[in-house]
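K.L.:
Sharing a structure, written as structure tokens. Questions coming.
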Amino acid sequence: MKAITGFTGLLAASLLLASAAAAQNYPTRTIRLVVHSSPGGSSDILGRMVAQKLTESLGQQVVVENRAGASGIIGVEVAVKAPPDGYTLLISQTSLAINPSMFRKLPYDALRDLAPITQIVDGPNVMVVHPSVPARSVKQLIVLAKAKPDSLVIGSPGQGTSPHLSAELFNAMAGVKMVQVQYKGAGMALVGLISGEIGVMLPTTPTAMSSIKAKRIIPLGVTTAKRVGALPDVPTIAEAGLPGYESTQWFGILAPAGTPRPIIERLNQEIVRIMHGYRERLSGEGMEVVAGTPEAFAAHIRMETEKWAKVIKAMGLKPE
């Protein structure tokens, strides 16, 4: 028994040393950052910002790989099935915590199969309309939606995404029914809005900001409890006509479960530093840099998963 115990301890020590050695030499080749949405959305924008600076700090190319579709499920599955060696990373968002309650069967368990590195930002969605929609306030939009049921079409990046749930929450609280159309990513949904294919959308502020400034779309309200510095003249949806409404979206970086702890810690240090460097720029787009520990991000994902499960049940939404 003592011999077995001694062997087990020796094996554990050897694995620990090997892990530390791998982390010390890490990285020695290209790293891919999986983005589970199409180009143009906030995940893609943030992912490319992180990848650029991480390439500089690590001395190895960090390549963004877009794997859009199925409400982010495709991209997450790619990441969880990758070797846990630090050479595949994932940028994910609120849908990671929403999807367990929106889909009966997922090909992964996010809490079990992913290793959080750090939450990077937290921020609002913004309700925007195409100029052809005859509403210039949240109150006017609610009146219009009630007067013409099913006439307004609202787009989202897919089932279970934050814009989708934010829209469903708006419908439920306002007592209206805007028809949902789902795209393969926020960028494609925004194109649909700008072209007039849809009339309403609730994208994140970085996704919408340039189109708002160009007056191609019109902001009616932000989803957070307080106004956003980047859009000081845009009221919250709660103060603009729907008291009590609030919804936020977060983004973070993760790795496959089993990735050596020293690599997780190295990536955490680098990404936290990078995000602090982007603080002013992102604040100008309505995003708040979080950049905390892996443990804090893991706790946040668990809390968000529980919160959205309750919200989805209360709204009467049925999983697919």
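K.L.:
Among the residues of region 72-79, is there at least one that is surrounded by 24 or more Cβ atoms within 10 Å (Cβ to Cβ) and touching a residue at least 60 places away in the same chain (Cβ under 8 Å)?
P.N.:
yes
K.L.:
Still on this model: Scan (1) at pLDDT 90 or above; (2) small (Gly, Ala, Ser); (3) part of a loop (DSSP other than H, G, I, E, B); (4) under 24 Å from residue 125 (Cβ atoms) for the single condition residue 258 breaks and write down its number.
P.N.:
(4)
K.L.:
So, one more: Look at region 55-70 and say how many of its residues are without any contact (Cβ under 8 Å) to a residue 40 or more places away in the chain, on the phi > 0 side of the Ramachandran plot and open to solvent by less than 50 Å² (accessible area, probe 1.4 Å).
P.N.:
Here the count works out to 0.
K.L.:
Give region 37-54 a look and list any residue that's open to solvent by less than 40 Å² (accessible area, probe 1.4 Å) and of a type in the set (A, V, I, L, M, F, W, C), or say none.
P.N.:
Hits for region 37-54 are 46, 49, 50, 51, 54.
K.L.:
Looking at region 283-300 only, could you name the residues that are surrounded by fewer than 21 Cβ atoms within 10 Å (Cβ to Cβ) and part of a helix (DSSP H, G or I)?
P.N.:
283, 295, 296, 298, 299, 300
K.L.:
Restricting the first residue to region 228-241 and requiring it to be on the phi < 0 side of the Ramachandran plot and touching a residue at least 12 places away in the same chain (Cβ under 8 Å), which pairs with a second residue that is among the acidic types (Asp, Glu) and assigned to a loop (DSSP other than H, G, I, E, B) meet a Cβ separation below 7 Å and a spacing of at least six or different chains?
P.N.:
What qualifies is 230/285; 238/246.
K.L.:
Another question about this same structure. Would you kindly identify the strands (runs of 3 or more DSSP E) lying entirely within region 118-223 that contain at least 2 residues that are modelled with pLDDT of 95 or more?
P.N.:
Qualifying strands (runs of 3 or more DSSP E): 126-129, 153-156, 218-222.
The values are calculated or read from the model by the stated rules, or taken from the named source; none is laboratory data. Just so you know, these numbers come straight off a predicted model, no measurement behind them. We place every Cβ from the backbone using ideal geometry, glycine too, and count neighbours over all the protein chains shown. Protein only, heavy atoms only, side chains kept; ligands, DNA and RNA dropped before computing areas. Shrake-Rupley method; radii C 1.70, N 1.55, O 1.52, S 1.80 Å.
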